[in-house]
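Take a look at the structure set out below.
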Amino acid sequence: MVFSSAVSSVLARAANPDKPIRVGRNKEYPRQLWWLIASFIALVSLSHFLSVAVAKCSRRRTDGGTTSRPGNTRSSSDHRLSWRRLPLALVNAFRVVAFRWTLPVGQWQSLTFAEVFIVCAYIVALFTWAFVDTTTLAGAKLNVMYWENRAGVLGASQLPLIVALGTKNNAISYLTGVSYDRLKFIHRMIARTIFILLWVHGSARIANLDPSQYVNWFVPLGITAMSAFSLLLIVSLRPIRARAYELFYYIHVLTVLVILLAAYFHTDNMGFGFYLWPCFIIWGLDRAVRLGRLIYYNHLYFGFGSASQRLDASVELLSPHMVRLHLKRPPHFRWTPGQTAFLAMPTVSRLIVESHPFTIASVDSRYALGDEVASHDTDKGAFDKDADHETTAYWNELVFLIHVREGYTKRLANAAAKGDKVKVLVDGPYGFSPDLDNDDTVVLVAGGSGVSFTLSTFLGTLSRIKSGKCRCRKIVFIWAIREAEHMEWISKVLVKALSLAPADIDISVRIFITARSGQSLANATSLDDDKESAHSSEGTAPSKSRPPSLLNFPVVQVAHGRPDLPSLLREEVEANTGRLSVTVCGSSGIAQSCREALRIPMAIVLKGGPSVVLHVESFGYA
């Protein structure tokens, strides 16, 4: 029996000498592709670790020496070229080319040259390994028997990478320093590339498959997987994803499960199932970590005492398109400015497992500036206590400014309009905060609800400066809003922060009201006067001073019209030296304007101009 099977194998190889070559390459080439991907991840990780190490060394030197003062700002146009600054100029030139030059893709998105390079390099590598060495021993080039199965194996081998990039807790993010939300672009790009490659495999198989083989169980499984993949790719298109996010979310969860199960049994029939089972482990570990964090941070909610009710979140409808949600910080929950948290609201969401990410607008109590977290005075009136609580919440509670869309956030806005409290389970924090400790000048740019990110960054930077951990001596806060009333979203916390800010810090707050029919500045000022009148009508003691208005601070400027970001940023580049960082959170138009404005030539850095670092945060449904 053994002898006859061995003879049959030898005769089969003799009849088709190309088969062992094809099989061997189908096994080897996916491994070579993974070595390339692992090498690239290792290179980015090494660059990240070196950057962190250099930042820490620079911080130690700063702590041991002197820091720049506001008077150190000056124009760099009169300086002569200094070739000693050539390495720094080259680093800035790389930043400009890689992250500020962009390529528009359709109406909704533009890609940086770094993203374009990654996309092109990955596509070239993938299809090179799919179609290289496809000449038979008889000399027939691009033989379909060589590349049809290889395309399928290469595509299946990349599914663990797609799953890993789509999880919230993945090793790639921690190694490279790139947060999970920024990796979503790579996740979608790889998925769409693999989708094309798998259809190359499927189309070739269907075209050359004998009709009698359709009864084999693994063929319908492959067709099922690709049908589900096709549906997923359709609903993941940006216009559909942005307008019907919940539909995308539900279909995504269902189709991914179908794809992985069907693909596993389809590939396992050919001995390549080992590429698929890691997907379930990666997904399961991510869910286990998220569930563990959810229980750890919200365990008081599962009790039956009054403590669970005190954890309910308060929601306030600030405008028809903005909700402010704040809740007591769960024990042991720590975060840094700019991080996000996933919020699950069983009384708002349609599914108990549904949760969505939102940027935390407040800062941890470790970032206290002074008496802003002090307890309320017992002799204060109800109005004073409410105002104080609104302010202090930004230092000792979790506060979220949530833009109202359809579905999940719309139902939250309806609950806020009714004055209801909602149960919220917190999972997080996620993402990485920009390191601004080594920056001499910090510029924060926000549009609308993007102020959640820049406000927490502003409060955190002030705290780091006051504690001597940040060398920054100038902060520029730029915020574009539609209506003057929107200033009330953060006016009280800004007033408190400005009143407690170190006296030797140069601060500039510039607010732009973009609506053409917006209120005049006089009417904007009257907003605070009306509040003060209401304040006095509540019977406040005459001896108590009224809270200052945001517009009373000379560092605050309010103007009508859209901000001329190119001019504003170029002024800061021309006026400052040292290290300048620009942190942006807003629409794609705002981000693009900042990128274009900061495409500074090497000559500016060689003449003593600032080294510019740009941080861009995603906005809306990425």
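Note on the stretch 270-279: residues that are buried (at least 16 other Cβ atoms within 10 Å of the Cβ) and more than 20 Å from Ala204 (Cβ to Cβ) total 2. Would you check if there is a residue in the stretch 415-432 being closer than 30 Å to Ala503 by Cα, under 26 Å from the mean Cα position of the chain (by Cα) and either acidic (Asp, Glu) or at pLDDT below 90 (or both)? Within the stretch 415-432, one or more residues are closer than 30 Å to Ala503 by Cα, under 26 Å from the mean Cα position of the chain (by Cα) and either acidic (Asp, Glu) or at pLDDT below 90 (or both).
Given the conditions (1) over 24 Å from Val493 (Cα atoms); (2) in contact with a Lys or Arg (Cβ under 6 Å, 6 or more places away or on another chain); (3) without any contact (Cβ under 8 Å) to a residue 60 or more places away in the chain, and given that Arg595 satisfies all but one, which numbered condition is not satisfied? For Arg595, the failing item is (3). Screening the stretch 363-396 for residues that are surrounded by 20 or more Cβ atoms within 10 Å (Cβ to Cβ) and out of contact with any helix residue (DSSP H, G or I) (no Cβ under 7 Å at 6 or more places or on another chain) and picking the one that is modelled with the highest pLDDT gives Asp364.
Filtering the stretch 406-419 to residues that are outside any helix (DSSP H, G or I) and buried (at least 16 other Cβ atoms within 10 Å of the Cβ) leaves only Gly407. Among the residues of the stretch 599-610, not one is in a loop (DSSP other than H, G, I, E, B), buried (at least 17 other Cβ atoms within 10 Å of the Cβ) and touching a Lys or Arg at 6+ places or on another chain (Cβ under 6 Å). Just one residue in the set Leu197, Leu137, Leu221, Leu159 is in contact with a Pro (Cβ under 7 Å, 6 or more places away or on another chain) and farther than 30 Å from Ala55 by Cα; that residue is Leu137.
Counting the residues of the stretch 270-289 that are in contact (Cβ under 8 Å) with a residue 40 or more places away in the chain, outside any helix (DSSP H, G or I) and out of contact with any Phe, Trp or Tyr (no Cβ under 6 Å at 6 or more places or on another chain) gives 2. Which of the following residues is modelled with pLDDT of 90 or more, basic (Lys, Arg) and either out of contact with any Ser or Thr (no Cβ under 7 Å at 6 or more places or on another chain) or surrounded by 12 or more Cβ atoms within 10 Å (Cβ to Cβ) (or both): Arg95, Arg74, Arg61? Checking each option against the conditions leaves just Arg95.
When the helices (runs of 4 or more DSSP H) confined to the stretch 154-216 are screened for residues that are closer than 17 Å to Phe229 by Cα and at pLDDT below 95, those reaching at least 1 such residues are found at 159-166, 180-208. Quick check: anything in the stretch 237-247 crowded, with 17+ Cβ neighbours inside 10 Å and more than 22 Å from the chain's Cα centre (by Cα)? Looking for residues that are crowded, with 17+ Cβ neighbours inside 10 Å and more than 22 Å from the chain's Cα centre (by Cα), one finds none in the stretch 237-247, hence no.
One residue is enough: does the stretch 149-167 have a residue meeting the conditions charged (D, E, K, R) and buried (at least 21 other Cβ atoms within 10 Å of the Cβ)? Looking through the stretch 149-167, at least one residue is charged (D, E, K, R) and buried (at least 21 other Cβ atoms within 10 Å of the Cβ).
Selection of strands (runs of 3 or more DSSP E) fully inside the stretch 421-510 by the criterion of at least 3 residues being of a type outside the set (Gly, Ala, Ser) and under 23 Å from Arg595 (Cβ atoms) returns 441-447, 474-481. Scan the stretch 563-581 and tell me whether some residue there is of a type in the set (D, E, K, R), over 30 Å from Val105 (Cβ atoms) and in a helix (DSSP H, G or I). Yes, the stretch 563-581 contains at least one residue that is of a type in the set (D, E, K, R), over 30 Å from Val105 (Cβ atoms) and in a helix (DSSP H, G or I). Within the stretch 262-269, the presence of at least one residue that is free of Cβ contacts under 8 Å to residues at least 40 places away in the same chain, surrounded by 19 or more Cβ atoms within 10 Å (Cβ to Cβ) and at negative phi is confirmed. Exactly one residue out of Leu111, Leu126, Leu137 is in a strand (DSSP E or B) and not polar (S, T, N, Q), and it is Leu111.
The values are calculated or read from the model by the stated rules, or taken from the named source; none is laboratory data. Small disclaimer: the values here were computed from a predicted structure and weren't measured. Don't worry about glycine lacking a Cβ; one is built from the backbone with ideal geometry, like all the others, and counts go over all protein chains shown.
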